[in-house]
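> Handing you this structure, nothing more for now.
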Amino acid sequence: MAQHWRAGAAGLAVLGLTLTACGGAKVGDSGSAGSTSSGGKCGTFNLAVNPWVGYEADAAVVAYVAQHDLGCTVDKKDLKEEIAWQGFGTGEVDAVLENWGHDDLKKKYITGQKTAVEAGSTGNKGIIGWYVPPWLAKAHPDITNWQNLDKYAARFKTSESGGKGQLLDGDPSYVTNDAALVKNLKLDFKVVYAGSETALIQAFRTAEKNKQWLIGYFYEPQWFLSEVPLVKVDLPKYTTGCDADAAKVACDYPVYDLDKIVSANFAKSGSPAYDLVKNFHWTNDDQNTVAKYIAVDKLSDDAAAKKWVDANPDKVKAWLK
Amino acid sequence: MAAVADATAPAATIREKISRPMVVAAILVVWLVLFAAFRGRQTLTLAAADLTGLHRRLNDVNDSIGANRNSNPVFLYFFNEIRLAIDNLVTFVQSVISQPAGGRPVPQIGWLGVVGLTGYVSWAVGNWRVALLAVAGFTFFGLQGLWQESMDTLALTLSAVLVALLIGIPLGVWAGLSDRFNRVMTPFLDFMQTMPTFVYLAPLTLIFLIGGASAVITTVIYAAPPAIRITAHAIRSVPETTVEAADSLGTTRTQQLVKVLLPMSKRTVVMGVNQTIMAALAMVTIAALIDAPGLGKTVVQALQSLDVGTAFNAGLAIVVMAIVLDRVTTAAAARTETRRDGRFLKWRRPLLGAGGVAALVLVYLSHTYVWAAEFPGDGTAGSHIASAADTATTWLQDHLSGLTNALRDVLTNGLLNPFQTLLTDSPWWLVGAVLVGLGAVLGGWRAGVTAAVCVGLLVATGLWSDSMTTLASTAVATALVMLVGVVFGVWMGRSTLVDRLIRPTLDAAQVMPPFVYLVPFLALFGATRFTAIVAAVVYAAPVAVKIIADGVRNVSAPTVEAATSAGCNTWQIITKVQLPMARGALTLATNQGLIYVLSMVVVGGLVGAGALGYDVVAGFSQGELYGKGLAAGLAIVLLGVMFDRITQAAARRTRA
């Protein structure tokens with residue numbers, strides 16, 4: 001009873017106070033002029049952002065340049081690869097900036113449905129392979145040769161590997177031949193699926209910190225390598241076609257030329273954002289720098305991009321030609 | 001069902017009662033003996049990258065949807081219309097509270113208006129205590145520096161709950177009135193609740209495109225079943241005498257529904273709304289995977305760089321939102337029940353009016369002035385929370401990892417590995433026969449038939465071996481859930497104080513997105529099946545604890561007093577009186593614990609559980625494995641249905 005009285009009185013008091021004491025800047029007084037100054041021609045640029053930090057770095061820089069130099073309204077969409085590619089056909093996605101191989105998707109959407117087209121290399125080299133934490137490579141230098149792996153297999157045993165050495169695999173999004181590799185190289189290892197990049201990174205982080213034995217699937221460019229510089233194990237050298245039959249693979253992964261994919265309509269649209277995507281080209285070091293700003297220094301995407309763009313005006317100028 | 005069993009074998013019941021545990025033991029012994037004889041034969045294993053014909057066919061179906069999207073009339077005139085309607089709804093709600101709209105750099109209603117409105121509505125439908133909680137909670141989002149993210153999440157949740165209720169309540173009423181419709185509906189609801197979301201995320205974005213509509217529909221699929229189930233239950237629980245009385249007054253069916261059934265079941269239906277909201281909030285991080293804006297995105301993005309602090313901060317906002325919405329709807333349900341005295345009613349109206357005017361003034365202010373539209377400050381509380389969470393997890397990782405690794409190894413080698421070997425290395429027909437036999441003995445012949453059908457379908461999915469691996473982890477996790485459930489449930493059931501202290505933690509564990517605590521768990525236990533088990537226990541144990549606490553509390557006080565005066569000590573009272581008398585609650589807790597554990601199988605796949613969880617994740621990530629992921633999702637549903645039916649039938653028997 002009385003409490004409701006009080007609540008009502010409080011409400012009235014607030015009302016009275018606000019009517020007499022309100023003031024301050026009104027919405028729309030200022031600032032709105034800056035936010036709507038689009039360059040007109042570019043319009044909306046739908047950029048897919050696949051879930052890894054390296055890609056986030058690509059997207060941050062391209063979005064920053066598109067926004068500030070071309071006046072585009074950039075709509076970043078956080079999507080997994082497969083869903084992003086689906087978006088080419090439905091018009092929800094204009095560009096994918098860092099594609100790792102994915103011949104299956106290329107076959108389906110570029111040659112099959114013809115909803116996507118290639119837009120050239122990003123300049124980044126994607127390296128996939130087996131890695132060990134740096135302390136291990138230092139303590140046992142010969143471990144980086146695959147032929148010596150069996151010698152140490154017992155040390156890699158875990159509760160998951162059923163008496164064999166454990167080879168930790170990561171996110172199922174990426175290409176992996178590891179099960180076939182273990183079999184065909186006749187190694188005494190078992191592939192254990194960590195299931196996510198998060199799990200893989202955490203495993204390597206713990207292993208380096210506690211000097212644990214760990215060998216696992218990893219890849220570069222990757223921001224984590226600037227925190228813990230993992231060492232790659234040499235598998236039998238890759239030669240063209242040695243991975244043609246997935247079941248008989250016994251060689252290292254090829255070096256992937258990471259490339260850009262855009263929707264067929266976007267390529268024809270004449271949007272300046274398309275030219276930017278097509279010209280976008282940088283190195284693994286560039287990407288690692290921006291990725292480090294985001295993942296380690298915890299800058300926002302925009303701040304990270306600004307920092308890099310301000311430091312590299314020549315590269316950006318080349319993309320805008 | 002129990003009645004059928006009783007009618008067919010009245011003479012056999014006594015014999016059956018004595019021998020049931022012995023039959024179970026006999027089945028297990030036979031299993032062990034045959035396992036020794038047939039070990040490693042006909043285990044139906046399938047390697048991670050291998051596919052069966054079924055998987056390929058499912059892939060083709062998925063591809064043909066994509067190929068025909070723009071020509072098929074079903075898409076052009078049906079799905080697209082649904083998408084448009086829902087998209088408009090979401091965009092509208094977002095423009096009101098979360099996203100810049102109509103040329104304004106801010107939404108129509110700013111933070112002050114939202115806080116004021118929330119407080120007012122909570123007070124109007126609940127009481128002043130929950131109103132205070134709501135105001136404090138919503139202000140907290142701003143202090144965390146997550147105002148806009150929180151409002152995006154709120155907008156999506158409100159839209160999804162609205163759609164879920166629009167569909168769910170009519171269907172629920174129908175299911176409440178018609179037994180036949182109820183029977184038809186139940187398997188669909190089971191399916192919607194246990195099918196892992198990852199399986200239908202990609203096809204949904206193909207049908208409803210990327211954006212608000214897909215996010216809402218994903219959420220509705222998971223959140224509508226509780227609304228339907230609880231509404232049906234509410235309609236059914238209206239006493240028959242009341243309905244008959246209405247009948248004798250000559251009411252029509254419509255009158256009966258509108259004047260008798262609905263008003264009398266109002267309280268339970270509001271609880272259904274509550275459960276729908278909770279289920280919708282559970283989908284926040286999943287929906288972020290298809291670009292749904294809000295807190296989920298913050299969590300998912302922070303985890304790409306293993307930023308536990310930021311993820312925790314956003315997770316905490318989800319927990320706060322869930323607790324506020326839970327308490328407000330619970331208070332609303334309580335209000336529909338209690339009648340206030342006349343004096344109160346006299347004053348309530350003018351007060352409500354005054355409060356309404358005050359709320360509108362706040363809304364106006366937040367629409368007009370920048371200080372009331374954008375939350376002031378830069379969310380320093382949020383960065384404090386984040387760094388505190390970081391420090392705490394680092395400390396835990398540094399100081400406990402030796403202990404946790406030892407625990408993992410003991411449980412994995414002592415319990416999980418042998419059990420898993422028994423399940424995966426036995427021939428499929430042997431495990432199948434054991435499951436059917438146990439189902440029949442524990443739950444009756446119908447449960448046995450259900451088990452047989454499920455076993456058959458599991459073999460048909462081509463993922464038998466993976467299913468058995470998952471089953472082993474699930475069983476171990478459920479056992480741990482029951483252990484935690486009994487310990488804390490009894491403790492809470494016996495002491496109101498303990499209950500009050502522990503309950504908020506349980507609520508938090510239930511709604512905190514699992515993604516947030518996966519990183520610390522990975523650091524403590526490594527990428528292993530055990531990490532998956534621990535994550536499942538954290539998520540499933542609160543339900544079991546709550547149910548058991550409730551069961552223990554409901555044991556009648558005179559019985560406990562009688563036992564005390566008979567000289568029983570505390571231990572004896574718990575083991576001889578309270579637990580046996582709460583048997584119904586224990587079976588219900590097992591049932592719910594198992595279902596909740598199964599709903600974490602996919603999350604487990606992300607941290608090293610392998611098997612079905614990994615198959616689903618891989619299917620979501622790689623187009624070629626889509627069919628296999630779908631089959632794995634079906635296998636999870638089958639496991640869920642099989643154990644749900646067996647435990648429910650067993651529960652009915654223990655009660656009979």
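> With the crude spin-label approximation of a point 7 Å out along Cα→Cβ, what separation in nm comes out for B:Val498 versus B:Arg20?
Simple spin-label model gives 2.9 nm for this pair.
> Follow-up. Compute the signed sum of charges (Lys and Arg +1, Asp and Glu -1) over the other residues within less than 10 Å, Cβ to Cβ, of A:Glu56. Walk me through the intermediate numbers first.
Details: positive: A:Lys76; negative: A:Asp58, A:Asp78, A:Glu98, A:Asp301.
Neighbour charge sum, excluding A:Glu56 itself: -3.
> For a Förster distance of 35 Å, can you work out the FRET efficiency between the beta-carbons of B:Met264 and B:Asn554, rounded to the nearest 0.05?
Numbers: r = 23 Å, r/R0 = 0.66.
My answer for the efficiency is 0.90.
> Using a Förster distance of 30 angstrom, determine the FRET efficiency expected from the C-beta separation of A:Asn210 and A:Asp188, and round it to 0.05.
So the FRET efficiency works out to roughly 0.80.
> Sticking with the crude label model, points 7 Å out along Cα→Cβ, report the distance from B:Phe92 to B:Arg348 in nm, one decimal please.
For B:Phe92 paired with B:Arg348, the spin-label model returns 2.9 nm.
> Tell me, what is the FRET efficiency for A:Lys278 and B:Thr45 to the nearest 0.05, using R0 = 41 angstrom and their Cβ-Cβ distance as r?
With R0 = 41 Å, the Cβ-Cβ based efficiency is 0.30.
> Same structure, new question: Express in whole angstrom the spacing between the alpha-carbon centres of the range B:444-462 and the range A:120-162.
Measuring centre to centre over Cα atoms gives 44 Å.
> Could you give P(r) for the protein assembly as shown, binned at 10 Å from zero, as whole percent values over all Cα-Cα pairs?
2, 10, 19, 24, 21, 14, 7, 3, 0, 0
> Largest first, please: the extent of the C-alpha atoms of the range B:547-656 along each principal axis, to the nearest Å.
Computed over the Cα atoms, the extents are 68, 30, 16 Å.
> Nearest 500 deg cm²/dmol is fine: what mean residue ellipticity at 222 nm does chain A get from its DSSP H runs of n ≥ 4 alone, each adding -39,500 (n - 2.57), divided by its residue count?
-11500 deg cm²/dmol
> State the antiparallel share, in %, of DSSP beta bridges confined to the range A:131-248, rounding to the nearest 5.
For the range A:131-248, the DSSP antiparallel bridge percentage is about 25.
> Another one. Find how much the distance from B:Trp128 to B:Val453 grows on full extension, using 0.36 nm per residue of separation minus their present alpha carbon separation; answer in nm with one decimal.
So the chain would gain 111.7 nm between B:Trp128 and B:Val453.
> Calculate one ³J(HN,Hα) per residue across the range B:205-214 by plugging θ = phi - 60° into the Karplus curve 6.51 cos²θ - 1.76 cosθ + 1.60, and present them in order as whole Hz with x for glycine and proline.
Taking θ as phi minus 60°, the curve returns 6, 6, 7, 10, 6, 6, x, x, 4, 4 Hz for the range B:205-214.
> Same structure again: Given labels modelled 7 Å from the Cα in the Cβ direction, how far is it in nm from A:Val231 to B:Thr380?
Inter-label distance under the simple model: 4.7 nm.
> List the lysines whose Cα lies under 16 Å from the Cα of A:Lys114, skipping any in the same chain that are fewer than 8 positions away.
A:Lys106, A:Lys260, A:Lys268
> Mean projection of the alpha-carbon convex hull of chain B over all orientations, in nm²?
The orientation-averaged projected area of the Cα hull of chain B comes to 34.9 nm².
> Taking the alpha-carbon distance from B:Lys266 and a cut-off under 23 Å, which lysines remain once sequence neighbours fewer than 8 residues away in the same chain are dropped?
none
> Treat every Asp and Glu Cβ in the range A:131-248 as -1 and every Lys and Arg Cβ as +1, leave all other atoms uncharged, and give the resulting dipole magnitude about the Cα centre to the nearest 20 debye.
Once rounded to the nearest 20, the dipole reads 460 debye.
> Determine the calculated [θ] at 222 nm for chain B from helices alone, applying -39500 (n - 2.57) to every DSSP H run no shorter than 4 residues and normalising by the residue count; nearest 500 deg cm²/dmol.
Numbers: 30 runs with 514 residues, N = 656.
Here the helix-only value at 222 nm equals -26500 deg cm²/dmol.
> Name the residues of the range A:160-186 whose amide N is less than 14 Å from a point 7 angstrom out from the Cα of A:Asp150 along the C-beta direction?
Label zone hits: A:165, A:182-186.
> Any chance you could run the full-extension gain for B:Val29 through B:Leu257? It's 0.36 nm times the residue separation minus the Cα-Cα distance, nm to one decimal. It would help to have the intermediate numbers written out before the result.
Working: separation 228, 0.36 × 228 = 82.08 nm, distance 5.49 nm.
The B:Val29-B:Leu257 span can extend by a further 76.6 nm.
> If you take the charge dipole of the range A:34-173 about its Cα centre, with +1 on Lys and Arg Cβ and -1 on Asp and Glu Cβ, which of A:Ala84, A:Cys42, A:Trp100 is farthest toward its positive end?
A:Trp100
> Quick check: residue separation of B:Arg583 and B:Trp174 times 0.36 nm, minus the Cα distance between them. What number comes out in nm?
Extra length available between B:Arg583 and B:Trp174 comes to 144.0 nm.
> Report, in debye and to the nearest 20, how large the dipole of chain A comes out about its Cα centre when Lys and Arg carry +1 and Asp and Glu carry -1 on their Cβ. Present the calculation step by step, with values, prior to reporting the outcome.
Numbers: 35 positive and 39 negative charges, 78 e Å.
Dipole magnitude for chain A comes out near 380 debye.
> List the residues, sorted by chain then number, that are 5 or more residues from A:Asn124 or on another chain and whose placed amide H is less than 5 Å from its amide H.
A:Leu258, A:Trp282
> Which of A:Lys41/A:Lys315; A:Lys138/A:Lys306; A:Lys138/A:Lys292; A:Lys307/B:Lys297; A:Lys151/A:Lys298; A:Lys108/B:Lys628 have a Cα-Cα distance over 30 Å?
A:Lys138/A:Lys306; A:Lys151/A:Lys298
> For B:Ile385, what charge total do you get from the other residues with a beta carbon under 15 Å from its beta carbon, if Lys and Arg give +1 and Asp and Glu give -1?
Working: positive: A:Lys298; negative: B:Glu149, B:Asp307, B:Asp378, B:Asp390.
Its environment carries a net charge of -3.
> Follow-up. Got a sec? Charge dipole of chain B, +1 on Cβ for Lys and Arg, -1 for Asp and Glu; which of B:Ala392, B:Met321, B:Gly485 is way out at the positive end?
B:Gly485
> Could you work out which residue, out of A:His102, A:His68, A:His140, moves most in a Gaussian network model of chain A, that is, has the largest mean-square fluctuation with Cα springs under 10 Å?
Maximum among the listed residues: A:His140.
> Another question, if that's okay. What dipole magnitude, in Debye to the nearest 20, does the protein assembly as shown give about its Cα centre under +1 on Lys/Arg Cβ and -1 on Asp/Glu Cβ?
On the way: 78 positive and 72 negative charges, 656 e Å.
With only Lys, Arg, Asp and Glu charged at Cβ, the dipole is about 3140 debye.
> On to the next question. Which shape class, rounded, prolate or oblate, goes with the range A:194-321 when its Cα gyration tensor gives a ≥ b ≥ c as root eigenvalues, a/c under 1.5 marks rounded, and past that a/b bigger than b/c marks prolate?
Verdict is oblate for the range A:194-321.
> Ok, one more. At 4 °C and a viscosity of 1.567 mPa s, what translational diffusion coefficient does Stokes-Einstein give for the range A:131-248, taking Rh as the Kirkwood radius over Cα pairs? Give it in µm²/s as a whole number.
Values: Rh = 14.6 Å.
Diffusion coefficient, whole number: 89 µm²/s.
> Same structure, new question: Which order do the peptides A:310-317, A:159-166 take when ranked by the mean count of other beta-carbon atoms within 10 Å per residue, highest first?
Order by mean packing, descending: A:159-166, A:310-317.
> Here's another thing I want to ask about it. What relative contact order, as a whole-number percentage, does the range A:131-248 give when Cα pairs under 8 Å and 6 or more residues apart are counted?
38 percent
> May I pose another question? Lys and Arg at +1, Asp and Glu at -1: add these up for the other residues within a Cβ distance under 14 Å of A:Gly129 and post the number.
Its environment carries a net charge of -3.
> Once phi is turned into θ = phi - 60°, what whole-Hz ³J(HN,Hα) does the Karplus curve with 6.51, -1.76 and 1.60 give for every residue of the range B:230-236, x standing for Gly and Pro?
In residue order, the calculated couplings are 6, 4, 4, 4, 4, 4, 5 Hz.
> Further question on the same structure: Of A:Ala154, A:Thr144, A:Gly195, which is farthest on the positive side of the dipole of the range A:131-248, counting Cα position, with +1 on Lys and Arg Cβ, -1 on Asp and Glu Cβ, and the Cα centre as origin?
A:Ala154
No value in this document is a laboratory result; all are computed from the given coordinates. Small disclaimer: the values here were computed from a predicted structure and weren't measured. Heads up, the Cβs are rebuilt from the backbone with ideal geometry, glycines too, and the neighbour counts pull from every protein chain shown.
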